[in-house]
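Worksheet for the structure shown next.
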Amino acid sequence: MEGGIWMKSKYGKLFKNLSDNTINCFEYGSVQEYYPFIQRIKQQGFNQCIITSDVMISIIEHFILRYNAEIISINFMVEDSELQIEINNILGLMRKSEAYWSVLKQRLLFLSENDCVEMKEVEFKICSGELNTLLSVKVNGVIVVGEFEFYEVSNIISTIIEDYLDCKY
């Protein structure tokens, strides 16, 4: 995601605060050791967030509808070339008309609910008046965002997850 006209990226990891159930994003360096970082944050009273497909769909929907984001790619936990071709075709149609979002959303919900196919990573290109960045959201709660938009985007994602969890309980 780094290079070209895009600035450097920052990495973050989403955690749930056990004392107040808020979602927090902790920045970490790409050269920082991942597992010691996780253990340090867990010792501070946080649990890791895993981004299920339902939550990922909420994140996608928010960025498409609010920020006119373009989905660059969706990768799944399973290797299935036919599925990947189908999803890439829908993404191509979405570039021509946002109306295809409903087709993609229904397909992703069906895959998650009926076939237990989970998304591994979604990559976005966001070019709105408010945000201009590339964004990657991974199933393990890792996000990668342009350095200048990192805090704003991580706060948006944290709020989306909190709102999703509030609706579930």
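The values are calculated or read from the model by the stated rules, or taken from the named source; none is laboratory data. All figures in this text were calculated on a predicted structure; none of them were measured in a lab. Counting neighbours? That spans all protein chains shown, and the Cβs are built from the backbone with ideal geometry, glycine included. Areas reflect the complete protein model, heavy atoms only, side chains present, ligands, DNA and RNA absent. Shrake-Rupley method; radii C 1.70, N 1.55, O 1.52, S 1.80 Å.
Points worth noting:
- Assuming charge only on the beta carbon of Lys and Arg (+1) and of Asp and Glu (-1), the dipole of the chain about its Cα centre is about 260 debye to the nearest 20.
- Accessible surface for the chain, divided over its residues, is 54 Å² per residue with a 1.4 Å probe.
- Directionally averaged projected area (convex hull, Cα atoms, the stretch 105-169), nm²: 5.4 nm²
- Packing around the peptides 130-142, 98-110, taken as the average count of other Cβ atoms within 10 Å per residue, puts them in this order, highest first: 130-142, 98-110.
- For the chain, with +1 on Lys and Arg beta carbons and -1 on Asp and Glu, the positive-most of I59, V142, W101 along the dipole: V142
- Distance between the C-alpha centres of the stretch 78-149 and the stretch 23-41: 24 Å, rounded to the whole angstrom.
- Accessible area of the chain belonging to carbon and sulfur atoms, whole % at 1.4 Å probe: 50 percent
- Each Lys and Arg contributes +1 and each Asp and Glu -1, all at the Cβ; summed about the Cα centre of the stretch 46-110, the dipole is approximately 280 debye.
- C-alpha long axis of helix 53-67 to longest principal axis of the chain, angle in °: 80 degrees
- Tilt relative to the chain, helix 150-168 - C-alpha long axis, 0 to 90 degrees, to 10: 80 degrees
- For the pair E27 and L165, label points projected 7 Å from Cα toward Cβ lie 2.3 nm apart.
- Per-selection Kirkwood Rh - the stretch 18-169 (Cα, Å, 1 d.p.): 16.4 Å
- In terms of distances greater than 21 angstrom between alpha carbons, the cross-link table entries K42/K138; K16/K105; K105/K138; K16/K42; K13/K138; K16/K125 yield K16/K105; K16/K125.
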